[in-house]
Amino acid sequence: MWDRRHVISIDDFSREDIEDVLKNTAKMDEYLEKGNVPELMKGKILATLFFEPSTRTRLSFEAAMQRLGGTVIGFSDPSATSIKKKETTADTVRMAAAYADVIAMRHPYPGAAKLAAQVSSVPILNGGDGSNQHPTQTLLDLYTIKKELGTLDGIKIAMVGDLKYGRTVHSLCTALKLFDATFKFISPEQLRMPDTYKRGLTYEETTELDVSDADVVYVTRIQAERFPDPAEYEKLKGFYVINKKVVSTMKEKSIIMHPLPRVDEIHYEVDSDPRAKYFKQAYYGVPTRMALIAMVMGAI
Amino acid sequence: MWDRRHVISIDDFSREDIEDVLKNTAKMDEYLEKGNVPELMKGKILATLFFEPSTRTRLSFEAAMQRLGGTVIGFSDPSATSIKKKETTADTVRMAAAYADVIAMRHPYPGAAKLAAQVSSVPILNGGDGSNQHPTQTLLDLYTIKKELGTLDGIKIAMVGDLKYGRTVHSLCTALKLFDATFKFISPEQLRMPDTYKRGLTYEETTELDVSDADVVYVTRIQAERFPDPAEYEKLKGFYVINKKVVSTMKEKSIIMHPLPRVDEIHYEVDSDPRAKYFKQAYYGVPTRMALIAMVMGAI
Amino acid sequence: MWDRRHVISIDDFSREDIEDVLKNTAKMDEYLEKGNVPELMKGKILATLFFEPSTRTRLSFEAAMQRLGGTVIGFSDPSATSIKKKETTADTVRMAAAYADVIAMRHPYPGAAKLAAQVSSVPILNGGDGSNQHPTQTLLDLYTIKKELGTLDGIKIAMVGDLKYGRTVHSLCTALKLFDATFKFISPEQLRMPDTYKRGLTYEETTELDVSDADVVYVTRIQAERFPDPAEYEKLKGFYVINKKVVSTMKEKSIIMHPLPRVDEIHYEVDSDPRAKYFKQAYYGVPTRMALIAMVMGAI
């Protein structure tokens, strides 16, 4: 069921699928912790095709493959590729599939990963296709919650910031719906969670930054370019900043997450708070991607 | 004879040399097929010095080295190198030879690989030096023909497209001459095969796209920039396109090859035809380069 | 004492520290020579964070890690990273520390490596922070002298070229002071060694290129942009060139060094002289960085 499977969209994952991945991620996490990772990918090659730069995603895929004893080829920037010669994405993927055993790709255009899966003879792991999907991010987010809070079932998650354009929060809604989460959407009016993602959810919606009742505070960046009027951006951005004062209102057993990179939306003074989990979250990207690689390669 | 040899130009290869490489390539191909490649390059480092980008060539050299258990350092783009500090190519090669055990390089200037061989203490594998030579491409082309048709001797090859500027077809002429091939050169008047490469060959020359008698149809891209008059390019380019209709006239036991990347010159509808071998050809780049690396490193 | 240590500045190194590194470098050098390097870093990952390009330093760190059986992730150019999204260097380092076991970084801003050490959970190896420090270069320079001359104690070193802005020669002064070296500073008036580095040294200072009494001639590049008047640069640069004639005045048992890349300041005719050691010096970068990696990782 997992062997040779493409990982394109979190929408393709059932609750059982997610639980499978989290169980294997926990295993990988433990291997890393103990420093005894089995060389499940020895002799295998991952191709990282990054048609747009994403250091975090690329490096964590590469670390994941290397931790499993495999190696990596690829490109991090389309400007140094045959794309300049107008090769299609499909042909670039076919080429990579001829050289490597599994492909992690990132692309600026929605749907690119699905297209790649149609022409690739090896499994495709979608590392983000434009505004569309970034399933490995969602899975590592889920693992972070599960690991740090002990469960995904029935948690209360507050999502803060740009909920309109944020691919990450959209996918997380889709996934957490399977675990009966309760949602609180905190954003400026202009950046509210679209109706399509709210369907079927138990949620409240507000412009007030009150996170006192949340188990998880998931923060995203508000980008200046979303606002026609710069003054309005300046006014709003300060309002949705997680600082020590905001954190002091949070429950003791709660966590702060962020897909990173952050700019100003979480103050540096928060980094040392034990509830700040965004760097651990980044770390969990490695065992999550190790699990996915090993699963689609039929190694576990 | 092979140990420490530089691979600079196909012109340096005798028929015996080529047969040596093809024999070892077949061995590597079989190892890959069976998934039991010996770690002939364990502990060894390949430096990929790409003074101009070439994703396909670079990735297949890197995959080749990794399949053999070796590792890779290098750069894919001169803009991120000391070249900006005006270091000479010779000094960059000397540096790489101090760090690595074998070097694959690509350079925009004809003769750069030969120069590199003069100063390098480790074997140089030319991955293309401007309009001059790209011997590993020629060797993988030869392996593709041998593997897919069973022999190189006496084949009839039709070369289609830009035969004037195409380094690939020039080198292939030189090599296939050693195997008594018969040639058909199909191109616009402006892009005919230069006389120097036709010397000593059995060939016919035409502007008509008739490939019905060919064992191999080798397609190359016609670049707009070769034509002073854009209208003329537009008129011609459509004429040398391999589509289903053209393929339907081909012999049943024949193959279509292309060095890739392609743009429009082979229609996508042809990809599923069993005679379309251009992606297998890309794949064969890996065992070919594995063989060459192992040979110049004295490992086989 | 070495386990988990950050390597930020040569100023932090005692004579004993330097001797430790040189002893371990000699061991690594011998392993490389014999081709039996122990896999001390098997399963470990080095992150190379190059916020500005430096091919030589990056490739030699990567070769060092790979020679020890470890693997590498990283970036060679900030333009293809999240820095474009305004992520702070501190956050980029925290991310890399989540994925890798040790970090080698280069940064255009002085102090960046120290900042990185403050936030990183894994050892930082400074690969150059602007005009400030480049300790692995200094250590490989010291190893070169020790290996080629047999000792560091009481040597006479002539430093030639731009002594005002050259980070390399400044650090070498600091380090060699611990070994009672004698210095000769040879430069144009405008590019004299700053007083702060001369403090406590036994030295002479001159504009004349007389290197007849030196054990080590350490050459650096004079950059045109240091001179407001281009004509003055043109006049001076030819004066500080090491050519065959200059070399003929040198002691028989002496060596010529250069941190590379060179442009014109050492003539190519000198390369074949047995005293020309700048390419061996580049080579020694590998065992030096192997030693440092193994030491801060607690593997030796």
List pairs: first residue in the range C:1-30 and buried (at least 16 other Cβ atoms within 10 Å of the Cβ), second residue assigned to a loop (DSSP other than H, G, I, E, B) anywhere in the structure, Cβ distance under 7 angstrom, at least six positions apart or on different chains. C:5/C:123; C:6/C:123; C:8/C:133; C:9/C:133; C:10/C:133; C:18/C:178; C:24/C:300
Might you let me know whether the range C:235-248 holds any residue that is modelled with pLDDT under 95, of a type in the set (D, E, K, R), assigned by TED's automatic domain parsing to the domain that holds residue C:155 and under 21 Å from residue C:147 (Cβ atoms)? no
What number of residues within the range C:27-38 are among the aliphatic types (A, V, I, L, M) and more than 9 Å from every other protein chain (Cβ to nearest Cβ)? 2
Cross-chain or 6+ apart pairs with Cβ under 7 Å, the range C:268-287 first and touching a residue at least 60 places away in the same chain (Cβ under 8 Å) and within 12 Å of chain B (Cβ to nearest Cβ), then crowded, with 18+ Cβ neighbours inside 10 Å and not in a helix (DSSP H, G or I): C:277/C:255; C:277/C:256; C:277/C:257; C:281/C:257; C:282/C:260
Criterion (under 12 Å from the mean Cα position of the chain (by Cα) and at positive phi) met by exactly one of B:166, B:128: B:128
Scanning the range C:39-69 for residues that are out of contact with any Ser or Thr (no Cβ under 8 Å at 6 or more places or on another chain) and basic (Lys, Arg), which turns out farthest from the other protein chains (Cβ to nearest Cβ)? C:42
Does any residue in the range B:39-52 that is within 14 Å of residue B:298 (Cα to Cα) come within less than 8 Å, Cβ to Cβ, of a residue that is modelled with pLDDT under 95 and surrounded by fewer than 24 Cβ atoms within 10 Å (Cβ to Cβ) six or more places away or on a different chain, and which pairs are these? B:40/B:300
The listed residue being more than 29 Å from residue C:68 (Cβ to Cβ), basic (Lys, Arg) and at pLDDT below 95, out of B:23, B:34, B:27, B:86: B:86
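If you take the residues of the range C:97-108 that are within 7 Å of chain A (Cβ to nearest Cβ) and in contact (Cβ under 8 Å) with a residue 40 or more places away in the chain, which of them is surrounded by the fewest Cβ atoms within 10 Å (Cβ to Cβ)?
So in the range C:97-108, the residues within 7 Å of chain A (Cβ to nearest Cβ) come out as C:98-100.
Now drop any that are not in contact (Cβ under 8 Å) with a residue 40 or more places away in the chain, which leaves C:99-100.
Values: C:99: 25, C:100: 28.
Taking the candidates together, the pick is C:99.
So if I check each of B:114, B:146, which one is more than 17 Å from the chain's Cα centre (by Cα), surrounded by fewer than 24 Cβ atoms within 10 Å (Cβ to Cβ), assigned to a helix (DSSP H, G or I) and at pLDDT 95 or above?
Working: B:146 fails: more than 17 Å from the chain's Cα centre (by Cα).
Checking each option against the conditions leaves just B:114.
Residue by residue, here is whether (1) loosely packed, with under 12 Cβ neighbours inside 10 Å; (2) assigned to a loop (DSSP other than H, G, I, E, B); (3) in contact (Cβ under 8 Å) with a residue 40 or more places away in the chain holds:
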position: C:205; (1), (2), (3): no, no, no
position: C:211; (1), (2), (3): no, yes, yes
position: C:222; (1), (2), (3): no, yes, yes
position: C:228; (1), (2), (3): yes, yes, no
position: C:233; (1), (2), (3): no, no, no
position: C:245; (1), (2), (3): yes, no, no
position: C:264; (1), (2), (3): no, yes, no
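Quick one: which of B:300, B:222 is at pLDDT below 95 and more than 14 Å from every other protein chain (Cβ to nearest Cβ)? Explain how you work it out, then say what you get.
Numbers: B:222 fails: more than 14 Å from every other protein chain (Cβ to nearest Cβ).
Sole residue among the options that is at pLDDT below 95 and more than 14 Å from every other protein chain (Cβ to nearest Cβ): B:300.
Which residue, of B:19, B:30, is assigned to a helix (DSSP H, G or I), within 17 Å of the chain's Cα centre (by Cα) and not assigned by TED's automatic domain parsing to the domain that holds residue B:261?
Numbers: B:30 fails: within 17 Å of the chain's Cα centre (by Cα).
When all the criteria are applied, what remains is B:19.
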Among residues of the range C:275-300 being under 13 Å from the mean Cα position of the chain (by Cα) and of a type in the set (Gly, Ala, Ser), the residue surrounded by the most Cβ atoms within 10 Å (Cβ to Cβ) is C:285
Would you mention how many residues in the range B:33-59 are of a type outside the set (Asp, Glu) and either under 14 Å from residue B:136 (Cβ atoms) or part of a helix (DSSP H, G or I) (or both)? 10
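The values are calculated or read from the model by the stated rules, or taken from the named source; none is laboratory data. These numbers come from a predicted model, not from an experiment. In this analysis, Cβ positions are derived from the backbone assuming ideal geometry, glycine residues included, and neighbour counts consider all displayed protein chains.
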